[in-house]
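Novice: Let me begin by handing over the structure; questions about it come next.
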Amino acid sequence: MSILRSHNETFKKWQLRENPFRSTPPEDPQKLLKVFYGREEIIKSAMLALYECRNVFIRGAWGMGKTAIIKTLLYKLQQEVKEINEKMLVLYLGGFSGDSPNDFYRLLIPSLAKNLAAEAWDDKYAEIINAISGYVIQSSKTTIEGQVKLAIINLSIRKESPDNKSIPTSNINPYPLLMELLQEAEEKFEKVIIAVDDLDKKDTPIVKEILEGSLQLFRGSERRAFIMTGRAFTDLQEVTLQALGIFSEEVKLDLMRQEDLKQIAINYLNTAKSKPENKTDPFAEEVMNLITDYAQGSPRQLNAICEKLLRQAAAENRDIIDLNSFNSAWSQIKTKIALNLSPHLTKLLYIARLTGGITEDIGDNYLEQLGVTTFVQLIPLLIEAEKTDLITRQDTDIGFKFVASQLFDPKLLPEGKYP
């Protein structure tokens, strides 16, 4: 039997149409609603704050579900505003690549211009959309329900400068144009809600500079509100942020409980079943308990582990993923990972496992083994490991701790590899 036929037959045997687990939340908001679980109170309080045009800040480590929360919230807000027949513009913006307040303004301008053009076409909007400050719209999707418009925009930096110098370039302050567009949007819509995701991928000092440099933008109107995602702050940065008075609601995402992660896994499995049920099949209950423990409170880790286990168990043509099947598949997964690690990443993960997690207080002896002199020099490698699900970032009282994922097992390192 061919590899693909065997794969499909095994999933059919499990009564699954496909492998439903992904490291990122579903793009389809209706599918996202089906898998979302455990943070309904956050959705409720944040929705009420946004409806009152008060700013909301959601913070937490990578993989804690910030994007899932923000997209679920915006979709539910869209539905509820439609029910009460109000007119609202809701923007979701991701892929922020800048490092300054001006970069932040340039992120907002083309999306506002695009939606204002859709309301009433004007040549100036087309000019802005085509040439604004070195940014290019990669993709966009707009859905309209009743009088509520939800626009999803992703942007990235384009190196060439626009030919039309009447449009702000990177050397010109874009703030006046942004405020003009916001004023026009607030005249056409009863409320303007702007969600800025992915700020958690920026260093905390950059986020702080953007917030401090944009006070009028955040506090200057009773008809618009922002919801943003970001990382946790140090005590000093926390005091500074509170003094700015930008956000009326601040939500900190903690590690999720095992029972909540289990329900999320069930929800994902049900999206691939013709008949949803409150069972963990094809995972045996004891196996799901292990998985939710290994996920270390992270929804992203849960998805990464389940995705890999389903694929490997299908390759082994298992009838069910019981403890024996799990041990075989789990060993194969970890061995493949260990074999493909670079020496530098292997050392990093080994030290993270040895120390219980890498923090800013990492000892000089470990820094020397990793070939660096400061913790800051480790950050790019830590982020690389985090994005490939080999490191999880946990928020502690003294700051972030980078913990080795259970996907890494130093016992499986080939002979001659570190340590």
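The values are calculated or read from the model by the stated rules, or taken from the named source; none is laboratory data. This is a predicted model, so every value here is computed, not measured. Positions of Cβ are generated from backbone atoms using ideal geometry, with glycine treated the same way; all protein chains shown enter the neighbour counts. Heavy atoms of the whole protein, side chains included, go into the accessibility calculation; ligands, DNA and RNA do not. Shrake-Rupley method; radii C 1.70, N 1.55, O 1.52, S 1.80 Å.
Novice: Could you say whether any residue in the range 46-57 is within 16 Å of Met256 (Cα to Cα), open to solvent by 10 Å² or more (accessible area, probe 1.4 Å) and acidic (Asp, Glu)?
Specialist: No, the range 46-57 contains no residue that is within 16 Å of Met256 (Cα to Cα), open to solvent by 10 Å² or more (accessible area, probe 1.4 Å) and acidic (Asp, Glu).
A quick yes/no check of all residues on (1) closer than 24 Å to Gly60 by Cα; (2) more than 23 Å from the chain's Cα centre (by Cα):
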| residue | (1), (2) |
| --- | --- |
| Asp260 | yes, no |
| Ala265 | yes, no |
| Asn270 | no, no |
| Ser274 | no, yes |
| Thr292 | yes, no |
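Novice: Checking Glu86 against (1) of a type in the set (D, E, K, R); (2) surrounded by 19 or more Cβ atoms within 10 Å (Cβ to Cβ); (3) over 21 Å from Ile264 (Cβ atoms), only one condition comes out false. Which one?
Specialist: Going through the list (1) of a type in the set (D, E, K, R); (2) surrounded by 19 or more Cβ atoms within 10 Å (Cβ to Cβ); (3) over 21 Å from Ile264 (Cβ atoms), Glu86 breaks only (2).
Novice: Residue under question is Phe21, and the condition is that it be assigned to a helix (DSSP H, G or I), surrounded by 14 or more Cβ atoms within 10 Å (Cβ to Cβ), modelled with pLDDT of 95 or more and not aliphatic (A, V, I, L, M); does it hold?
Specialist: No; evaluated as a whole, the condition is false for this residue.
Novice: While we're here: Find the residue count for the range 197-217, including only residues that are in a helix (DSSP H, G or I) and modelled with pLDDT under 70.
Specialist: 4
Novice: Please work out which one of (1) open to solvent by 40 Å² or more (accessible area, probe 1.4 Å); (2) assigned to a helix (DSSP H, G or I) is the condition Cys306 fails and give its number.
Specialist: Failing condition for Cys306: (1).
Novice: For Val251, are the conditions met, namely being in a helix (DSSP H, G or I), modelled with pLDDT under 90 and either closer than 26 Å to Ile379 by Cβ or open to solvent by 40 Å² or more (accessible area, probe 1.4 Å) (or both)?
Specialist: Against the criterion (in a helix (DSSP H, G or I), modelled with pLDDT under 90 and either closer than 26 Å to Ile379 by Cβ or open to solvent by 40 Å² or more (accessible area, probe 1.4 Å) (or both)), Val251 does not qualify.
Novice: Same structure again: Among the helices (runs of 4 or more DSSP H) confined wholly to the range 323-399, which include 2 or more residues that are open to solvent by less than 20 Å² (accessible area, probe 1.4 Å)?
Specialist: Answer list for the range 323-399: 323-339, 343-355, 379-387.
Novice: Is it the case that some residue within the range 351-360 is among the aliphatic types (A, V, I, L, M) and closer than 23 Å to Thr24 by Cβ?
Specialist: no
Novice: Residues of the range 276-296 being more than 20 Å from Arg39 (Cβ to Cβ), open to solvent by 10 Å² or more (accessible area, probe 1.4 Å), free of Cβ contacts under 8 Å to residues at least 60 places away in the same chain and assigned to a loop (DSSP other than H, G, I, E, B), which ones?
Specialist: Pro276, Glu277, Lys279, Ala284
Novice: Condition test on Ile264, is it buried (at least 16 other Cβ atoms within 10 Å of the Cβ) and hydrophobic (A, V, I, L, M, F, W, C)?
Specialist: yes
Novice: Going by the conditions given, is Leu33 of a type in the set (A, V, I, L, M, F, W, C), closer than 19 Å to Ser111 by Cβ, in contact (Cβ under 8 Å) with a residue 12 or more places away in the chain and in a helix (DSSP H, G or I)?
Specialist: No, not satisfied.
Novice: Right, another one. Do you know which residues across the range 34-62 are polar (S, T, N, Q) and out of contact with any strand residue (DSSP E or B) (no Cβ under 7 Å at 6 or more places or on another chain)?
Specialist: none
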